[in-house]
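S.K.: Handing you this structure, nothing more for now.
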Amino acid sequence: MFQADTRYQNKAQSVVGIMEVIYHATVRSVRKTHANPLVGLLVNMFQTLVLVFVFYIMYSILGLRGSAIRGDFLIYIMSGIFLYMTHTKTMSAVVSSEGPASPMMQHAPMTTFIAITSAALGSLYIQVLSAIVVLFVYDVGFQPVVITDPIATFGMLLMAWFSGVAVGMVFLSLKPWFPQFVSVASMIYARANMIASGKMFVANTLPYTMLKMFDWNPLFHIIDQARGFAFVNYNPHYSNTTYPLVVAITLLMIGFMGENYTRKHASISWGARR
């Protein structure tokens with residue numbers, strides 16, 4: 001998985017060579033969804049804006065705006081949508097990355113590690129760029145965007161991305177063995193997080209019985225902590241940053257071990273099972 005190209009004479013050249021291959025593979029991953037990367041970005045922005053619009057209308061119709069954090073209501077909605085989209089899109093990108101039986105693995109510099117890394121970085125690039133453009137348009141066209149601690153808030157977006165990579169790695173290690181199950185399970189996971197991620201409410205307002213239904217989810221903690229960094233009037237009491245980080249690292253290690261075992265038993269016939 002981490003095998004260096006034999007063309008390079010020392011470790012420094014190997015690292016530079018691997019980074020170069022990752023860069024080109026990431027560009028390929030970004031362009032895979034659409035030949036024109038600008039159109040791919042616009043499509044992702046449109047999906048984000050649709051979710052923001054749907055949740056805004058739902059909150060307005062159901063009269064739930066009073067339960068939101070005191071501050072910019074659209075920033076409250078977008079803070080949840082951005083992290084949810086980053087997590088689920090990254091998970092999907094990692095699951096659909098090139099496996100050990102892919103024809104791309106026949107090229108000497110290419111490895112499954114490079115394929116997974118490029119898929120994850122390509123997804124992060126699209127999501128971060130989409131969030132920046134949407135916030136810029138909102139800031140210029142409507143009202144100024146005020147985020148109390150932008151660096152820490154961005155850190156939570158990176159944690160949402162990292163946890164998405166970890167969950168995707170577990171699904172990816174199972175994919176060659178149970179392709180149909182992984183396809184259905186990853187879709188169910190993404191749909192379930194529409195509610196379970198807690199982007200529609202904040203942990204401080206939930207009763208204990210409902211809180212226990214959501215605090216198992218690392219993304220719930222990440223979104224709640226992000227809102228604590230984004231809004232000066234909100235201090236999360238029932239979430240933390242340690243739990244999602246520990247869960248993500250654990251899942252990532254399990255995913256790497258599973259992928260290593262799967263890669264050693266790779267068969268070209270797996271392509272016919274998908």
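This table checks each residue for (1) touching a Lys or Arg at 6+ places or on another chain (Cβ under 6 Å); (2) buried (at least 20 other Cβ atoms within 10 Å of the Cβ); (3) within 19 Å of Met78 (Cβ to Cβ); (4) modelled with pLDDT of 85 or more.
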position: Ser173; (1), (2), (3), (4): no, yes, no, yes
position: Gln180; (1), (2), (3), (4): no, no, no, yes
position: Met187; (1), (2), (3), (4): no, no, no, yes
position: Met194; (1), (2), (3), (4): no, no, yes, no
position: Ala203; (1), (2), (3), (4): no, yes, yes, no
position: Asn217; (1), (2), (3), (4): no, yes, no, yes
position: Thr250; (1), (2), (3), (4): no, no, no, yes
position: His265; (1), (2), (3), (4): no, no, no, no
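S.K.: Now, a different point. Considering each residue of the stretch 140-177, count those that are in contact (Cβ under 8 Å) with a residue 24 or more places away in the chain, of a type in the set (Val, Ile, Thr), farther than 15 Å from Ala190 by Cβ and in a helix (DSSP H, G or I), and give that number.
M.R.: Adding up the residues that qualify gives 1.
S.K.: Could you list, ordered by first residue, the pairs with Cβ atoms under 7 Å in which the first is in the stretch 223-242 and over 23 Å from Thr209 (Cβ atoms) and the second is surrounded by fewer than 16 Cβ atoms within 10 Å (Cβ to Cβ) and of a type in the set (S, T, N, Q), at least 6 apart or interchain?
M.R.: Phe229/Thr148; Ala230/Thr148; Phe231/Thr148; Val232/Thr148
S.K.: Related question: How many residues does the stretch 219-239 hold that are over 15 Å from the mean Cα position of the chain (by Cα) and surrounded by 14 or more Cβ atoms within 10 Å (Cβ to Cβ)?
M.R.: 12
The values are calculated or read from the model by the stated rules, or taken from the named source; none is laboratory data. If you're wondering where the values come from, they're calculated on a predicted model, not measured in any experiment. Heads up, the Cβs are rebuilt from the backbone with ideal geometry, glycines too, and the neighbour counts pull from every protein chain shown.
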